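What follows is a set of notes on a single structure, which appears directly below.
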Ligand code: AMP
Ligand code: GLY
């Protein structure tokens, strides 16, 4: 039996779910997570190295003879952590920096899609503010204005009026509201239709989509309030049919992998397809170069195959030889957040009731374990994740499981999954 020492990089609910899935693998004999969190500490040895400390992470992995490193968050991927691990002779999962650019630059992704005929909203790219303003005038509203670079999910304005769009352009390009991320903007056609996410494993040739999912990005019920990292996710997404899946495989998933290969930017890892199911078929809204959070918690809860086998196959180029299977069931991850998130919130509140949770897995995001007690340590605190034969049962189960949990100023949405069920 081959045994593997694995390091997972990151500290959120996503990384907890990855550790939870890897822990089930008989091959994984030692599991480490840097920097990890309170919940992860129960499954893995937490290592005090920041996820963005490239040199520190490589040095630690070398000194401690890691066989395999799983880089989960976007920042270290964009910075080239996988490249750095490989240079040090360590097998690492995730795209190299040259491929992770699909997330780091919207302009790059749009050009790639245009060049290879991958369906996405029509667009133009601008580095000149006046030209951008003229384009907005000519196109009219609704219209979408996006910063080129990473802006913590805030660099997108879906403008309902020309005035609003012009204000967004000025804000990004002149007022530098998002720093250099807004030096270049993408202005695109406003699409309509339900949004769906598909995460897929790829070794650079073969692509294996996971069950579809849907995040809930706004802070409050009814998709109101500011954008967050994600307040809850369901999987699969009922709007996404097998016809959609076939269309996406043919026109989006495989063409994206092939396009990146053709550009000399072979993508190995998890690629995130954020899509809109428009009246003219599925179109790409965005790519990410990693598992989404909390989509990961919902989707990995359904995985039957050994995750370690899949990760290794992605790195080794043998994904076509792995039988990747998911339970035919539904899941719901309900995020419990600190009151005030994503704007201003307090940390250090004691979390109670975790030991009374039944029939669900609680993935920790912003928590800290101190003398046997858990305390809040971030905006998104916990992700209560339940699996059931139907989506309605999974959602009900996640809400029921969350009942005993409490901490001061705890906030969660009451409509995760429900609005989509009610719309059916
Ligand atoms: P992004 O950061 O590119 O995923 O955009 C954030 C959100 O803005 C998406 O999840 C959509 O809800 C919305 N959005 C982005 N692009 C468009 C578009 N072209 N048409 C309509 N809505 C969009
Ligand atoms: N939940 C959205 C993301 O991880 O990008």
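Just so you know, all these numbers are worked out from the coordinates, no wet-lab data involved. Remember, predicted model here, so these are calculated numbers, not experimental data. We place every Cβ from the backbone using ideal geometry, glycine too, and count neighbours over all the protein chains shown.
Note down the Stokes-Einstein diffusion coefficient of the chain in µm²/s, whole number, using a Kirkwood radius over alpha carbon pairs, 20 °C, and 1.002 mPa s. The Stokes-Einstein estimate is 98 µm²/s. Take every pair of alpha-carbon atoms less than 8 Å apart whose residues are at least six positions apart; their mean separation over the length of the range 269-314 yields a relative contact order of 34 percent. Across all directions, the shadow cast by the convex hull of the range 219-342 built on its C-alpha atoms averages 9.6 square nanometres. Look at where the Cα atoms of the range 389-404 and of the range 228-258 average out, and the two centres are 23 Å apart.
As a proxy for reagent exposure, ranking 326, 267 by other Cβ atoms within 10 Å from fewest up yields 326, 267.
For the range 109-263, the alpha-carbon radius of gyration amounts to 1.14 times the rule-of-thumb value 2.2 N^0.38 Å expected for a compact globular protein. Computed from the Kirkwood radius of its Cα pairs, the Stokes-Einstein diffusion coefficient for the range 358-424 at 25 °C and 0.890 mPa s stands at 186 µm²/s.
Normalised by the number of residues in the chain, the average gap of Cα pairs under 8 Å and 6 or more apart makes the relative contact order 16 percent. So if I take the alpha carbon set of the range 35-178, get Rg, then get Rh from the Kirkwood formula, what is the Rg over Rh ratio? Using only Cα positions, Rg/Rh for the range 35-178 is 1.12.
Estimated purely from DSSP H runs of n ≥ 4, each contributing -39500 (n - 2.57), the mean residue ellipticity at 222 nm for the chain is -8000 deg cm²/dmol once divided by its residues.
Taken over the range 1-80, the alpha-carbon convex hull comes to 79 cubic angstrom per residue. Restricting the count to DSSP beta bridges whose residues both fall in the chain, what percent are antiparallel, rounded to a multiple of 5? Around 80 percent of the beta bridges assigned by DSSP in the chain are antiparallel ones.
As a length-normalised measure over Cα pairs under 8 Å and 6 or more apart, the relative contact order of the range 1-120 settles at 21 percent.
Once Rg and the Kirkwood radius are both taken over the C-alpha atoms of the range 313-424, their ratio Rg/Rh works out to 1.08.
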